[in-house]
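Structure, as C-alpha cells:
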Amino acid sequence: MSDGNHDSDRPRDPKDADILEMKDSETYGKGNDEHPNMQNIIQMNSREKEQYNQKTDSHDQRFQSQSHKVTDEKVKQMRDQVIRAKVYLNFAQPGHNNHLLKELRTRIKEVERTVGEASMDSELPRRVSQKMRSIEVLLAKATEYFSLQPEERQFPNQKKINDPDLYHYAVFSDNVLACAVVINSTISSAKEPEKIVFHVVTDYLNLPAISMWFLLNPPGKATIHIQSIESFDWLSTKYNSTLKEQKSYDPRFTSAINHLRFYLPDIFPALNKIVLFDHDVVVQRDLIEIWSVDMKGKVNAAVETCLESEASFRSMPILLNFSDPFLGKRFNANACTWAFGMNLFDLQEWRRKKLTMLYGSYLQLGLKRPLWKAGSLPLGWITFYNNTVALERRWHALGLGYNSGLRRGDIEQAAVIHYDGVMKPWLEIGIAKYKGYWSKHLLYDLPYLQKCNIHE
C-alpha cells in the first residue's frame with residue numbers, strides 16, 4: 001500500500017511515498033461568479049511583476065562584469081511562479097479554506113523562503129529545481145481546476161456511494177498513479193462498470209491530486225468516491241494516538257492508512273460487503289463472480305499462503321511471537337496463513353462479531369509486549385483467526401514485486417496480480433518483465449505525466 005495502502009508483509013520501499021509530488025489540486029470550490037474580476041487581479045499582479053523586474057534588473061547591472069554574466073533565470077522564474085500562485089489565491093473568496101488554496105499557500109511560502117533575497121541563481125540552495133517542478137505542476141493543476149465549470153468540480157452519481165446492491169471496491173493509498181491503475185484496470189475488465197462504486201481513501205496532502213486526477217480522467221460509467229482520512233473524526237479521537245504510541249518510523253507500523261483496513265465497517269456503515277485492494281495490484285478479469293463466493297459465515301475471503309512449495313509461503317511464526325504465552329495459548333502456530341491485497345469482507349458479520357474492537361485490544365497489547373514482527377498482516381491473521389475462508393488461487397497471484405521466477409501462465413490467468421514486495425512497477429527497481437501488466441493501464445501522453453517526467 002506501499003506505499004498508502006502499504007505492503008503489510010514486506011518492507012516498504014522509501015521511494016514509494018514520494019514517487020509523485022502531485023499534491024496540487026482540489027475538488028471543492030466556488031463558481032466563476034464568485035471570483036473577483038480576473039482582469040483586475042492580473043493587472044494588480046502585473047504591477048507586482050513589473051516592480052520585481054525593475055529590482056532584478058538593478059541586481060543584474062550590479063553583478064555583471066565584462067568577462068562573466070551572472071544568470072538569474074531561476075530566480076526570475078520562481079518569483080514569477082509566486083505571482084501566478086497569488087493570482088489563483090485571489091480567484092477564491094476571502095477565507096475560503098479548501099485544499100487547493102492551502103497547498104498554494106504552502107508552496108508560495110516554500111518558494112519565497114527558498115528565493116529569499118537572492119538576485120542570482122548561484123545564491124539559491126541545492127535542489128531548487130525540485131521545488132520549481134513541484135509548484136509548476138501545482139499551477140498546471142490549478143489552471144485546469146479553475147477552468148472547470150462549478151458542476152464539473154463534483155463527481156457524478158454520488159447517490160450511489162451507499163447503495164448496498166452495487167459492487168463496492170476500496171483502495172487506501174497516497175499514490176496517485178497506483179490508484180489510477182487499480183481503478184482503470186478494474187473498470188476496463190468489468191462487464192457491468194455502471195454497477196461499480198470505487199471508494200478511495202487518501203491523506204490530506206494527496207487528496208487534491210487524486211481528486212483532480214479523476215475529475216480530469218473520469219472512470220467511465222463507474223462511480224468514484226474520494227475521501228481524506230482526516231475527515232474521519234472518530235479515527236483521530238479513538239485510534240491515531242494508539243498508532244503513534246508504537247514509537248516506530250516504519251510506516252507499516254505507524255501509517256493510519258495501512259491500519260485503516262481494520263475499520264471498514266466504520267468507514268462504510270451502509271454497506272454489507274466490500275472488496276479491498278492494496279494499491280499495488282492490477283485487475284485482469286471481471287470480478288463479478290467473487291460477490292457470489294460462499295463466505296460460510298466468515299468475515300474475510302482471501303488467498304492462502306501456506307504452501308511451502310510456493311514463494312509466497314508464510315507461516316504464523318514468521319511474523320508472530322509464539323514464545324509469548326498469550327499467542328501460544330490462543331492460536332495454532334500451524335494454522336494456514338493468507339494474504340492481504342485482494343480481500344472480500346462481509347461487513348455485517350464483521351459488525352456482529354465486533355472484530356474491530358478485537359483488533360484494538362490486540363493492538364494495545366502489542367504496545368506492551370513484542371507479539372508480532374512487522375506491519376498489519378500478523379494483526380490481520382489473529383484478528384480474522386477462524387474467520388477467514390479460502391479463495392481459489394486463480395483470484396490473486398502474489399509475488400510480482402519480489403519474485404522474478406513466476407510462471408507467465410499463472411500471472412496471465414489470475415484475476416488480480418499483486419506487486420507485493422519492494423520492487424513496485426512504478427519504480428526503476430521494478431522487475432522489467434512484469435511492468436507491462438501495470439503500465440498498460442496508464443495514459444502516458446497525459447500532460448501531468450509528462451510534466452513529472454513519467455514515461456513508459
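The values are calculated or read from the model by the stated rules, or taken from the named source; none is laboratory data. This is a predicted model, so every value here is computed, not measured. Cβ coordinates were reconstructed from backbone atoms using ideal geometry, including for glycine residues, and neighbour counts include every protein chain displayed.
Before we move on, is Leu363 in the same structural domain as Ala301 (by TED's automatic domain parsing) and either at pLDDT 95 or above or basic (Lys, Arg) (or both)? Taking the combined requirement at face value, the residue does not satisfy it. Within segment 431-449, does at least one residue satisfy the condition of being of a type in the set (A, V, I, L, M), in a loop (DSSP other than H, G, I, E, B), more than 30 Å from Ala333 (Cα to Cα) and at pLDDT 95 or above? Checked against the condition, which is being of a type in the set (A, V, I, L, M), in a loop (DSSP other than H, G, I, E, B), more than 30 Å from Ala333 (Cα to Cα) and at pLDDT 95 or above, segment 431-449 yields at least one hit.
In summary, helices (runs of 4 or more DSSP H) completely within segment 116-235 and bearing 3 or more residues that are in contact with an Asp or Glu (Cβ under 7 Å, 6 or more places away or on another chain), buried (at least 17 other Cβ atoms within 10 Å of the Cβ) and in the same structural domain as Leu427 (by TED's automatic domain parsing) occur at 207-216.
The single residue among Glu103, Glu110 that is closer than 15 Å to Gln77 by Cα and outside the structural domain of Ser228 (by TED's automatic domain parsing) turns out to be Glu110.
Residues in segment 396-419: is at least one in a loop (DSSP other than H, G, I, E, B), under 27 Å from the mean Cα position of the chain (by Cα), farther than 15 Å from Gly341 by Cβ and in the same structural domain as Gln284 (by TED's automatic domain parsing)? Checked segment 396-419: at least one residue is in a loop (DSSP other than H, G, I, E, B), under 27 Å from the mean Cα position of the chain (by Cα), farther than 15 Å from Gly341 by Cβ and in the same structural domain as Gln284 (by TED's automatic domain parsing). Consider segment 370-426 and keep the residues that are β-branched (Val, Ile, Thr) and closer than 20 Å to His279 by Cα. The one that is surrounded by the fewest Cβ atoms within 10 Å (Cβ to Cβ) is Ile411. Taking segment 394-430 as the range and being out of contact with any His (no Cβ under 9 Å at 6 or more places or on another chain) and within 24 Å of Trp350 (Cβ to Cβ) as the test, the residues that pass are Trp395, Asp420. Restricting attention to segment 382-395, the residues that are assigned to a loop (DSSP other than H, G, I, E, B) and within 27 Å of the chain's Cα centre (by Cα) add up to 1. Give segment 286-310 a look and list any residue that's among the basic types (Lys, Arg) and crowded, with 16+ Cβ neighbours inside 10 Å, or say none. Answer for segment 286-310, where residues must be among the basic types (Lys, Arg) and crowded, with 16+ Cβ neighbours inside 10 Å: just Lys298.
Within this structure, Asp286 passes the test of being within 30 Å of His168 (Cβ to Cβ), under 24 Å from the mean Cα position of the chain (by Cα) and among the charged types (D, E, K, R).
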